[in-house]
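What follows is a set of notes on a single structure, which appears directly below.
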Amino acid sequence: MFALVDIDAAKSVNLKCDPERAIELRESFPEIQPGYHMSKAHWNTVSLLGSLEDKMIFELIDHSYDLVVNSLTKKENVSFES
């Protein structure tokens, strides 16, 4: 799992993040907080109602996805190949 969002409300999204980068992001952007009901070291909750640009949100989604896919074994990763 790389993202967790309430599709009815979509006010925020939980995204996986490198722990060091997570701290930097939280210090730089008030819309990014430690993961709500998730591991605070590896997850951020990103508000979709603040002033974060779409480009930044998409970058964070891509980072989260890449972290998960890169952690898969070759056998597990077969289903993600084109």
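The values are calculated or read from the model by the stated rules, or taken from the named source; none is laboratory data. It should be emphasised that the depicted structure is a prediction, and the values quoted were computed from it without experimental measurement. Neighbour counts run over all protein chains shown; Cβ positions are idealised from the backbone, glycine included.
Which pairs do you get when a residue that is loosely packed, with under 15 Cβ neighbours inside 10 Å, found in region 6-20, comes within reach of a residue that is assigned to a loop (DSSP other than H, G, I, E, B) and not β-branched (Val, Ile, Thr), reach meaning Cβ atoms under 8 angstrom, with the pair 6+ apart or on two chains?
Note: pairs meeting the criteria are ALA10/LEU48; LYS11/LEU48; LYS11/LEU49; PRO19/ALA41; PRO19/HIS42.
Residues to consider are SER47, SER51, SER71; find the one that is more than 17 Å from LEU4 (Cα to Cα), at pLDDT 90 or above and among the polar types (S, T, N, Q).
Within the list SER47, SER51, SER71, the selection yields SER51.
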